[in-house]
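What follows is a set of notes on a single structure, which appears directly below.
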């Protein structure tokens, strides 16, 4: 036994395996090319064939799938060619021998054998051509890196007033950092620290019963439910994105879609795509006030109908509608009337409605009342209405990883629980959450008033700055963000320019979110999170002003140059 | 920002589509769920068939309906067990669970440690969005911990560590990023059966079995020995059936065999994998639960040279070794940056609380407590419990396997099955349950031979004694039943259904389930 393993590293063995390896690459390459040929032939046949209207949808679908397959095959070919090319040029076998402690194995290991003259691909591209991942693994990685590389840069270079004064300030991630002192204090109280045997053992995957009971009580009280909510309708997972991912799995098949009014929080696009492969179809709202648009970005049933119609025309299977209330990034709150209309629209078309009420306790304008969908006397379609809430925003503890689903549909609740063991929360954390939610006295008398006051103050500070800069913005009532219009700093007003401006903020170590990330149709919008401590917020706003000043100067120079040229 | 791979979004290879149903159906064709579905089918036409199922429930997607179908089986089992759970005072005649692999021997030590003041730390960064790979302080601690306890020849690196909320999540994420829909991992059987669901639920990845048997012949020096020849055969068979195999899953120390692989064996398996460009996932979740000193356990991370370090991925968790399955903490160690990054990309869905991450770092850092208090005591208690159960078995003249690792003994009850069928195995299991002791039967581990059972011994002495007493009652009264089977219990279709119901009890996808958890 040991003799056999001893003979393994002998060079001749390696050479042989190398030859085999190369051979297999070429065989694979041939295979892929053959596939490519087949697919292209089919593709052309499909493109040329005309079918009846009924077939139209399937026709488009087939074409789209073939196109995707074509690009996938091309991608595979590139991968193979690359690995083949490298092994051809490299005398040493590239499949890695033991590399532990070996400095060469740092970045982009799949390119380890690549000859020097070939330019190194960037992280993101490198991820894209790896041989070790599945195609979907590559997609997941690429999607993640393309969307989160700046966030990761921030994680590595966070601002700290003493240790890293030149680090990134993040006004792009929706986190409430205003009440961390209160939360830290509360979490250190003695009732929080409990280690019971049951908490260390395998849990009920829907969430510990004590926590589900508490969540039901909590939502009954704060959502003003007409009747006590049932703990059996609660499923507790490690974050709202997990809830969303599980819902997308059980409500949709791959390639099916949800409607979402945009601008819309981009994180959900993620949750539906990474695992579940569910698409989000935007219902584009507009900033301009017109006869039908009585206020900016108004959602109307007409727009929903239109979007649904168009999506169906394009062959999309729409399974539901996703609403965020209070809205992110607009900060608007749906009136009970409009909410009812959206729900009736959904009922009319047998659509599920997922309502994300994660900012429900972050309404800081006291003159405005938030109406939870759970407060309605009767829901148009109880079995297709699913409510999501979590502690991340309202309690500023995104690091806790807690999200809850409330649905009257027992079937949905039960199937989402099947995902419980992939999205479970530590028993110890469940205990803490239960204690937190149970203490309504502290929440009502200490936490919420303070939180609202601080949100209001921070909002006031930021909006005063924006007014001084004459920057139009949205949101005067809820959430952690303002939705700002920087169109006047873009010339021309395009998404490319928006991206450049975003980069410029980054260069000044300021992270914002641009409208594109919220699937906004109009370029030039940004989301600015104001729920940060005042000293940091002040510095951030200084950087913000600097960037815009710089941008303005550039614009003037550019306009002058244009004028000169003319 | 979200634009990049959109063009690939609808690629058929990543779509479950309507084929999902077929795939799942096919992939489960020869395993238990499939069998169960066939049996149910005979009794209740339409219920077992996912396609027919789709017509009567209108709220779910077709994959949702499939998942529901599996989960309902699990739910039912879960309820049945939990309705009658043993409690010393409240329900002394309730069911004793020797089926779930949990270490209930050291709660006193753990609760004391976790209640110390250093565990109660709260700081802002712990409450905010984390680095999705896990907080750096924890990854550093994990790297040091694994370097030490896995006896790594070189220091392991924090950037190769990804932290998730449990081994199930890690299997799910790895399956998704390493395999396409319908592709497979090789796994030697008997194995911890819940992996089937872990890799299937999101990933739609299947398992290709490397069947091992108990007979010692020819090249095999001990029962259920894994050899490269068997791996080669299984791989060939999978290919001939058109199944694309992407990797190999090894559990070391093994569950349910309670055995460990020698370094030479490990090396051979790894070389085999390298030859076929297979990834190897090595699940070392019981690595510190080797309580017999004579057993020389070697982590794959202790090897001087890994044949294919870029395709070797190691899993570890605190669930077993620290008896905290409810804490939800697991870690991946891989030198493959792409794999680490891809798994980390899914960590948004598998994150754990910052406060728990802090606690874990404190725990793993406390080498003095681990080495001087926890491990010696844990091993002593495991050994005592193991001794008790194995002596009971010897007294009954029952053969078993267990070399001193893990929480379980793999028990050979074949002599109690006159015909040696899985139906009889099921009936015997049912007898145990009727006598209020829950065990896991071999079929749940895809064991090829009917008659093997897994006994979990890592429980408090009073429960263990009572459990073994109940086992003894069944086995000593057994012969009579075996000689005189009620015809109705094995023949009629209605009773086939009842054995399907039994299956429901066993093949629940996750832990609250009485049996199928690790």
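For segment B:124-142, a residue qualifies if it is away from chain A (no Cβ under 12 Å) and either more than 16 Å from residue A:157 (Cα to Cα) or buried (at least 22 other Cβ atoms within 10 Å of the Cβ) (or both), and the qualifying residues are B:138, B:139, B:140, B:141, B:142. Against the list (1) over 21 Å from residue B:336 (Cβ atoms); (2) at pLDDT 95 or above; (3) assigned to a loop (DSSP other than H, G, I, E, B), the condition residue B:154 fails is (1). Kindly evaluate residue B:339 against the criterion of being in contact with a strand residue (DSSP E or B) (Cβ under 9 Å, 6 or more places away or on another chain), over 16 Å from residue B:323 (Cα atoms), buried (at least 24 other Cβ atoms within 10 Å of the Cβ) and within 14 Å of chain A (Cβ to nearest Cβ). Yes.
The criterion of being under 30 Å from residue A:139 (Cα atoms), within 14 Å of another protein chain (Cβ to nearest Cβ) and either free of Cβ contacts under 8 Å to residues at least 40 places away in the same chain or in a helix (DSSP H, G or I) (or both) does not hold for residue B:356.
Among the residues of segment B:324-335, count how many are facing chain A (nearest Cβ under 7 Å) and in contact with a helix residue (DSSP H, G or I) (Cβ under 7 Å, 6 or more places away or on another chain). Selection size over segment B:324-335: 5.
Can you tell me which residue among A:540, A:531, A:517 is in the same structural domain as residue A:481 (by the TED database), surrounded by 15 or more Cβ atoms within 10 Å (Cβ to Cβ), modelled with pLDDT under 95 and under 28 Å from the mean Cα position of the chain (by Cα)?
Working: A:540 fails: modelled with pLDDT under 95; A:531 fails: modelled with pLDDT under 95.
When all the criteria are applied, what remains is A:517.
On inspection, residue A:236 passes the criterion of being touching a residue at least 40 places away in the same chain (Cβ under 8 Å), under 25 Å from the mean Cα position of the chain (by Cα), more than 30 Å from residue A:297 (Cα to Cα) and crowded, with 24+ Cβ neighbours inside 10 Å.
None of A:347, A:341 is within 14 Å of chain B (Cβ to nearest Cβ), farther than 30 Å from residue A:512 by Cβ and surrounded by fewer than 21 Cβ atoms within 10 Å (Cβ to Cβ) except A:347. I'd like the residue in segment A:138-155 that is modelled with pLDDT of 85 or more and more than 7 Å from chain B (Cβ to nearest Cβ) and, out of all such residues, is surrounded by the fewest Cβ atoms within 10 Å (Cβ to Cβ). Here the residue is A:153. Residues that are more than 7 Å from chain B (Cβ to nearest Cβ) and surrounded by fewer than 23 Cβ atoms within 10 Å (Cβ to Cβ) within segment A:407-433 comprise A:408, A:410, A:413, A:431, listed in sequence order. If I filter segment B:168-187 for residues that are crowded, with 21+ Cβ neighbours inside 10 Å, away from chain A (no Cβ under 14 Å) and either without any contact (Cβ under 8 Å) to a residue 40 or more places away in the chain or not in a helix (DSSP H, G or I) (or both), do I get at least one hit? Looking for residues that are crowded, with 21+ Cβ neighbours inside 10 Å, away from chain A (no Cβ under 14 Å) and either without any contact (Cβ under 8 Å) to a residue 40 or more places away in the chain or not in a helix (DSSP H, G or I) (or both), one finds at least one in segment B:168-187, hence yes.
Of all residues in segment B:387-403, which are under 18 Å from residue B:320 (Cβ atoms) and touching a strand residue (DSSP E or B) at 6+ places or on another chain (Cβ under 7 Å)? Before you say what the answer is, go through the steps one by one.
Looking only at segment B:387-403, we keep the residues that are under 18 Å from residue B:320 (Cβ atoms), and these are B:389, B:402-403.
Within segment B:387-403, B:389, B:402 meet the criteria.
Considering the conditions (1) surrounded by fewer than 22 Cβ atoms within 10 Å (Cβ to Cβ); (2) in contact with a helix residue (DSSP H, G or I) (Cβ under 8 Å, 6 or more places away or on another chain); (3) part of a helix (DSSP H, G or I); (4) away from chain B (no Cβ under 14 Å), residue A:334 is excluded by exactly one of them, (3). Just a yes or no: is a residue in segment A:163-186 at the interface with another protein chain (Cβ under 9 Å from one of its Cβ atoms), closer than 30 Å to residue B:179 by Cα and more than 23 Å from the chain's Cα centre (by Cα)? No: segment A:163-186 contains no residue that is at the interface with another protein chain (Cβ under 9 Å from one of its Cβ atoms), closer than 30 Å to residue B:179 by Cα and more than 23 Å from the chain's Cα centre (by Cα).
The values are calculated or read from the model by the stated rules, or taken from the named source; none is laboratory data. Keep in mind it's a predicted model, so treat the numbers as computed, not measured. Methodologically, a virtual Cβ is constructed for each residue, glycine included, from the backbone with ideal geometry; neighbour enumeration extends over all protein chains shown.
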